[in-house]
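Report on one structure; see the data block that follows.
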Amino acid sequence: MAPEPALRLRGITKRYGAVVACDRVDLTVERGEIHGLLGENGAGKSTLMRILLGLEARDSGTVERDGRAVTVAGPREAAALGIGMVHQHLSLVDPLTVWENVVLGSAGPVRRAAARAEVRAVAERYGLVIDPDARVGTLSAGERQRVELLKCLRRDPAVLIMDEPTSVLTAAESAELFTVLRRVVAAEHRAVVLISHKLTEITTATDRVTVMRAGRVVLRRATAATTEAELAREMVGREVTLGAAVGVLPNATAPAASAASAEALRLAGLTVRPGLDDLSLTVRSGEIVGLYGAEGNGQKTLGDVLSGLTVPDAGTVEVAGAPVDLRRPGALSAAGLGIVPEDRHHAGVVLDLSVAENLVLTRLGDVSGRVFVDRRRLRRRVRALVDEYGITAASLDAPLRSLSGGNQQRVVLARELSGRPRVLVAAQPSRGLDVGAVEDLYARLRRCADDGIAVLVISTEPAEILTLTTRLAVIFRGRIVGELPTARADPERLGLLVGGAA
Amino acid sequence: MTRTGPWLSAAIVAAALVLSGLLIAVTGGSPAAALRALVEGSLGDAAAVSQTLLYAAPLMLVAVGTCCSARSGAFNIGQEGQVLIGALAGAAAGLRLAVPGPALALVVLFAAALAAGAWAWLSALMNRLRGVDIAVSTLLMTFLAQQVVAFAVTTPWLLQESRWGAAAALPQSNRLPAGALLGSLGDHPGPQLNLGLGVGLVAALLMAVALGRTRWGFRLTVAGLNPAAARHAGIPVTAVGGVALAVSGALAGMAGAVLLASPLSTNRLQPDISINIGWDGLLVALIARDRPLLTIPVAGLFAVLRAGGSFLAATGVPPYLVDVVKALLTLAFVAPAVLRRRPGAA
Amino acid sequence: MSGVAEDLATILSSGIRLTAPLVFAACGEYVAERAGTLNVSVEAMMLGAAFGAIAVAGLTGSATVGLLAGVLLGALVGAVHGALSHRWHVNTFVVGLVLNALVLGLTSYLVTVGELGRHQVAQVSVPVLRDLPVLGAPLFVERWPVYLLLALVPLTWWLVERSRWGLELRAAGENPEAADMTGIRVNLRRRQALLWCGALAGLGGAYLAVGEVGSFNQNMTAGRGYLVIAAVIFGGWRLGRTLAGCAVFGLADALRLALPALGYTVNSQLLVSAPYLLALLAMLLFTTRQRRPGALARPFRRTS
Amino acid sequence: ACVSNDETAAPAPSAAPGGSTGTLLPGAPDVNGDGKVVIGVLSPGDINDNGYYESFVVKAEAFAQAQDWTVIKRGSVPVSEALTAARALCRQRADMVAIGASELKDAIPASEEAVCARTAWYVPSSANVPQTPRIMLSSDDPNQSMLVAGYAAGLLMRARNTTRAGFVTGPEADFTKIASTAFLAGIRELIPGATLVTTYTGDFDDSGKAREATQAQLSQGVGAIYPYLGGATDVATALANSAGAITLTPGTDRCASTSPTFDVSVLFDPGDYFAAALQLYAAGRLEMGITKTWQLGVDPYPTVKLCKGTPEQNADLAAFIADIGRGTIDPAAEVRRLGS
Ligand SMILES: Nc1ncnc2c1ncn2[C@@H]1O[C@H](COP(=O)(O)OP(=O)(O)OP(=O)(O)O)[C@@H](O)[C@H]1O
Ligand SMILES: Nc1ncnc2c1ncn2[C@@H]1O[C@H](COP(=O)(O)OP(=O)(O)OP(=O)(O)O)[C@@H](O)[C@H]1O
Ligand SMILES: [Mg+2]
Ligand SMILES: [Mg+2]
């Protein structure tokens, strides 16, 4: 008789309010296979895995391990069932050492010597070299990822879930990781679920693949029987050229900025330790420049600098030819730089304030006298913005928290553009947006460029970069390692650059 | 927000009161008599109401200040010390400055606000320079303030009371001159309205307007709710927090001056001049959910307990009961807020 | 010269007696803070326990039973604090201050109701060792609960630094989100840490009552709980330095009380404020080297 | 821009005149004529301290109970709330407001107010409270009792051949300094080279600290300990007992106490003075506007007694007390001569 699959999910459904993150999802993972799980942002992949791990309660559906229906109350129970996960957002505790982090989730007494020896042994077995006594806070992104892997592998999981494990790794590191995974699967007969946005990775490393879209499974196939083009099409829901994988207007219509147009944003020698290392970049008016790179290479720090959250150790930022005093709060905004931050909840909006208040957050001076906020002027302005950007909200006074992600994003964009900036920086702008919203967003960014605004798009998505930008720069370990016109780029070239092989 | 909130609050408050009643009964007292004494002492006649209003004023001032700092995200718990520093500065100004007549009362208020504001701002400074927790430093500085005042009133060349003859001088200052005192409308035992209450009410109103209607208030609120977004929006978060903390300290200091210069005290600086008004004011702000106008009724409630507490002795119930009731009431008011916040957060 | 030795012995033994209650409570507070709770209710734990110890000793006639009751009462305060701030997420400072006010009010109230009397646990003096010069009397003639410290301090260290519970506790105090992902019940660990804190602070308060003093009077802890918080901050969240902080505070007090007898005078206000000043200074001077728990005083609720 | 403190300083004490200028309150003891007699007592200290503050209340209660009067007692009144607390008593129709110690003297202005118009006032003083027409002052001279306390301690110390004594008290305030100085002077009457160690713990009620201060003094070989304390008295005394030191009481007669034990009872018990006043009050003969000055050696209180004195010691002490009573010894001068 055929062995039961290592893992079988049936009819898993999860709702967050009006959002159906997972909609009757079925997923089967056999022993001895690497199973690719694919889907655009917000398709519900992570949610599905969190449910599997017991971090989230499912609304309905069943989970079977080796043919037995199980209930998973939490990560610890999952571990007992042989399910381990390497998280997309690292679950490491910085001040603890590597070995302490590795043994953190297990039970029983802590035996120092044994634990360290074990960490060494596991590390050796999988080729993940690391010092067990190092403090995790001092490690690089790649090393942290290794710790995260070790933490999971140490428990000998029968089912190993990896949520975008390569997003912070170099190409070489990724290749090494897949070798390890291959060995784990072949020799030890484990099952692996690999979540990734990188189509190449999926096609080369997996045996079978499942594609999700908007919470539903739309494709289930042996990897050998599919192509990257098909996967991309299924993921997005329409025919796409790989160069514009997100499925919006092809890039051709974007006007190339003439070299003659003015330099609107000039970053020179920006250094933040750790994070940025002598980063220099120029964006001209009317140009959309993409800053591409694997996650964890300094994009976040750059975003923080341009949001005014971090003062760089060295380097200057010039807007429209004038240097900006970065120590003065709000100086960048005053100089004409608008920014849609990567983590909107963190730096973009105040969830407990109303839609109206969020819309005037950075331009308070425009709607108030010397002392008092002019409510009438505020409402007039806010109503205009809401209409112009098509923001859907129950009322202007509703707390921003009650808006959907797409609408929150629109609020930020509307606010930043309402100041008529010369430069617009958008960090991971499509993250968490559905296709329609992305289309709308891209159209708006293009229009900005057409209006003579210099646009800088910071993104980890090759598709986004290839679709949207006219010129791209690749960031690696906090510095720019290559710049080229987008027309001359293709995914392979980007893949090479991203690993620092410029 | 659900409709059950007020009912739940009422139920839990009732539970707190029943618990206090049980405490009295178990220890051999009469809960009914205690309740009657509390009401009579605080609301029974004109003098009682006047007394209650006298207590309400400094409580309100402390609480209004606490609203301001809490909204900015700076969690000040050193009000008791700030009240003391305010009283100290007020006494020094009132006793040492040769300002004529009622103007001196203003000088006393101003000096108290200035000194306590600066004292509180030190915590903001430590936070800015070395990341010292505001809650921790304001708490520790309360104990320093107590010693500073104790030193001032036991040191003859500072503020210790002038000695007459060979008799012992107590650890206290001289009485403030009449010009330094806050005037009252009416006099004991009739209805008496002290200027201090006016100061408290005006502070509450101004703070409500400032927080709700002005640019400053808006920026402060944003800084408190989301510092990162605030910094991005060009709001100097640490400076705003520092100002809020200083304002909070200044209002607590003013409460100290009101204690010192109103008929509530003996108009001398004494080590126990703050009579826990700082701690209580913090609780008032907490129950009022950091809304300045709500502090008015809540301060009133606490003032009722305080004024009524002085009548408890007659029933044989130890006045410490009032402290127990206050603590239980605070817990009662805080608990439903928690239950209510739950569904929203999911 | 023997005069100097005697003086030293006097100050030392007095210092140990003044330090011991602080050390008990500091071992508790240290654990609570490592788990992420800046617990202000130590004062309530100590005072409640001091009252409970004497009251129960009076009821049962046994000071030892009183001591145990103190431990339980302290833990009870810890449990209430934990439930309020780590189950219902009420601001932990507010909970602490309210509990302090509540316990002070309650004990002051109850102490007026009945006579409590005097109860004291036995003194142990270790033969031979007690005759050592200078250190003999201070170290080897003590009320027996003091010797519990010989086990409790290493136990506290072991629990936090070596046990799984402590590892999880530290993770909960440093990065609750990551700990949660790993399957650690953050708020449960924090509540447990508060229970431990309550039990030990309770032991400290009970020791003060039935060990050192032998009776209870109103507000008898007189701010010792706040001193303990200052000690943990002064110690930069390391157990050794925290206890050193307690010793400094205890010895400073001992010195203040002994100096007049030795013929010196000192400014008492300055000495009384010294611990708080020292704690503030320690924070101002050593911030970079401190191991302040990353999520100290930050509540944890699972959201994503 | 500074003016001197003196502008606001209290007036010089008026010499206490004899009984003749006082006024009798009509209707006493039911001064307010409501058919009940209510005595309101305010104390700045802990009224369960087993000592000075408690005694005041206990004596009042004992007397009132016998007369079927009501007593309202409030302990631990913050000094800054003295006035407020006194007014509250008047509003509760107290016939007499009695103040436990002169720290609460700022309550006195209430006696002039309309609410307290029909109320008798009893205020203890040690020459630091000015006389007003509406209060009865009960005054003693701490120099007298403390000098004699020192003398009594000196008698016992001489017998034991010790010259060092200790004085443990709470805050470092004027009245504690004065007490300690007079105590030392008293010892030196008998032992000219005697020394006194004074330790201020900062708090009359912090037992833990009082104990350590006592311990430090005992280790320095003091032969007599005066725990001039409140709630912490018993703890300090018990420790002194265990070291076999001579002990004295801070105000009340505790010769009968067995745990702890005292060798000298220093009696300046506010309760005794108050009981005497209440006696007059009950008879309607308590006058306001006068000062009753309690003279050591003349009145039964204040006084000092040896709990286990030999007949010679008792006689010595009695003679010394009598000398003070006759005025042959001027305590103030003695304190100036010997106290430093
Ligand atoms: N706690 C939550 N509350 C509300 N909505 C949520 C929550 N968690 C996830 N969602 C929503 O559920 C949907 C699925 O999210 P999920 O994180 O599973 O996406 P994903 O496929 O992992 O995307 P990505 O590729 O960006 O990681 C998204 O629309 C997201 O906004
Ligand atoms: N917690 C909430 N309280 C009140 N209203 C809410 C809440 N969550 C969502 N809503 C409302 O429900 C509506 C639907 O939300 P949903 O997240 O499905 O929007 P959406 O259609 O997916 O938008 P977008 O495409 O912009 O993400 C929104 O308009 C939002 O205002
Ligand atoms: Mg995901
Ligand atoms: Mg009457």
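The values are calculated or read from the model by the stated rules, or taken from the named source; none is laboratory data. What you see is a predicted model; the values in this text were computed from it and never measured. Counting neighbours? That spans all protein chains shown, and the Cβs are built from the backbone with ideal geometry, glycine included. For accessibility, only protein heavy atoms count, side chains too; no ligands or nucleic acids. Shrake-Rupley method; radii C 1.70, N 1.55, O 1.52, S 1.80 Å.
A few notes on this one:
- Residue that is away from ligand 1 (no atom under 15 Å from the Cβ), under 30 Å from A:Ser430 (Cβ atoms) and of a type in the set (Val, Ile, Thr), where the choices are A:Ile12, A:Ile51, A:Ile83, A:Ile34: A:Ile34
- When D:Asp205 is tested against (1) buried (at least 22 other Cβ atoms within 10 Å of the Cβ); (2) of a type in the set (Asp, Glu); (3) under 17 Å from D:Ile324 (Cα atoms), exactly one condition is not met: (3).
Residues are listed down the side, and each one gets a yes or a no for (1) open to solvent by less than 50 Å² (accessible area, probe 1.4 Å); (2) modelled with pLDDT of 80 or more; (3) in a loop (DSSP other than H, G, I, E, B):
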position	(1), (2), (3)
D:Gly27	no, no, yes
D:Asp30	yes, yes, yes
D:Ile47	yes, yes, yes
D:Val57	yes, yes, no
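- Condition check for C:Arg130: among the basic types (Lys, Arg) and within 14 Å of another protein chain (Cβ to nearest Cβ): no
- Residues that are open to solvent by 10 Å² or more (accessible area, probe 1.4 Å) and more than 13 Å from every other protein chain (Cβ to nearest Cβ), drawn from the range D:224-244: D:Tyr228, D:Gly244
- Cβ separations smaller than 9 Å between residues 6+ apart or across chains give the following pairs from the range C:259-287 residues that are more than 30 Å from D:Arg164 (Cβ to Cβ) and of a type in the set (Ser, Thr, Tyr) to residues that are outside any helix (DSSP H, G or I) and open to solvent by 20 Å² or more (accessible area, probe 1.4 Å): C:Thr287/B:Gly131.
- Subset tally (residues that are within 8 Å of chain B (Cβ to nearest Cβ) and touching a residue at least 40 places away in the same chain (Cβ under 8 Å)) for the range A:341-356: 8
- Qualifying positions in the range C:254-266 - out of contact with any Asp or Glu (no Cβ under 8 Å at 6 or more places or on another chain) and surrounded by 24 or more Cβ atoms within 10 Å (Cβ to Cβ): C:Arg256, C:Ala261
- Scope the range A:334-382; condition under 32 Å from the mean Cα position of the chain (by Cα) and open to solvent by 20 Å² or more (accessible area, probe 1.4 Å); matching residues: A:Ala334, A:Ala335, A:Glu342, A:Asp343, A:Arg344, A:His345, A:His346, A:Leu351, A:Asp352, A:Glu357, A:Thr362, A:Arg363
- Residue within the range D:64-75 that is more than 17 Å from the chain's Cα centre (by Cα) and in a loop (DSSP other than H, G, I, E, B) present: yes
- Which listed residue, of C:Leu278, C:Leu251, is farther than 23 Å from D:Arg211 by Cα, open to solvent by 30 Å² or more (accessible area, probe 1.4 Å) and either of a type in the set (Lys, Arg) or in contact with a helix residue (DSSP H, G or I) (Cβ under 6 Å, 6 or more places away or on another chain) (or both): C:Leu278
- Residues (of a type in the set (Phe, Trp, Tyr) and in a helix (DSSP H, G or I)) located in the range C:143-153: C:Tyr147
- Strands (runs of 3 or more DSSP E) fully within the range A:189-230 counting 2 or more residues that are crowded, with 23+ Cβ neighbours inside 10 Å: A:191-195, A:208-213
- Which listed residue is in contact with a strand residue (DSSP E or B) (Cβ under 8 Å, 6 or more places away or on another chain) and under 26 Å from A:Glu439 (Cβ atoms), from A:Leu27, A:Leu48, A:Leu7, A:Leu52: A:Leu48
- Within the range D:77-101, the residues that satisfy the criterion of being within 19 Å of the chain's Cα centre (by Cα) and within 8 Å of chain B (Cβ to nearest Cβ) are D:Pro78, D:Val79, D:Ala82.
- Tabulated pairs, the range B:136-151, first farther than 26 Å from C:Arg292 by Cβ and hydrophobic (A, V, I, L, M, F, W, C), second at pLDDT 90 or above and surrounded by 24 or more Cβ atoms within 10 Å (Cβ to Cβ), C-beta under 6 angstrom, 6+ apart or interchain: B:Val149/B:Leu84; B:Val149/B:Leu88
- Residue among A:Ala107, A:Ala69, A:Ala80, A:Ala121 that is away from chain C (no Cβ under 11 Å), surrounded by fewer than 17 Cβ atoms within 10 Å (Cβ to Cβ), of a type in the set (A, V, I, L, M, F, W, C) and out of contact with any strand residue (DSSP E or B) (no Cβ under 6 Å at 6 or more places or on another chain): A:Ala121
- Residue count for the range A:369-391, restricted to those that are under 19 Å from B:Arg219 (Cα atoms) and β-branched (Val, Ile, Thr): 3
- Being out of contact with any Phe, Trp or Tyr (no Cβ under 6 Å at 6 or more places or on another chain), part of a loop (DSSP other than H, G, I, E, B) and closer than 29 Å to B:Gly242 by Cα is a property that B:Val132 has.
- Considered as a group, the residues in the range A:31-86 that are within 28 Å of A:Glu201 (Cβ to Cβ), in a loop (DSSP other than H, G, I, E, B) and within 16 Å of ligand 2 (Cβ to nearest atom) include one that is modelled with the highest pLDDT, and that residue is A:Gly44.
- In this structure, B:Leu220 does not satisfy being open to solvent by 10 Å² or more (accessible area, probe 1.4 Å) and in a helix (DSSP H, G or I).
- Filter result for A:Asn297 (more than 7 Å from chain B (Cβ to nearest Cβ), crowded, with 17+ Cβ neighbours inside 10 Å and in a helix (DSSP H, G or I)): no
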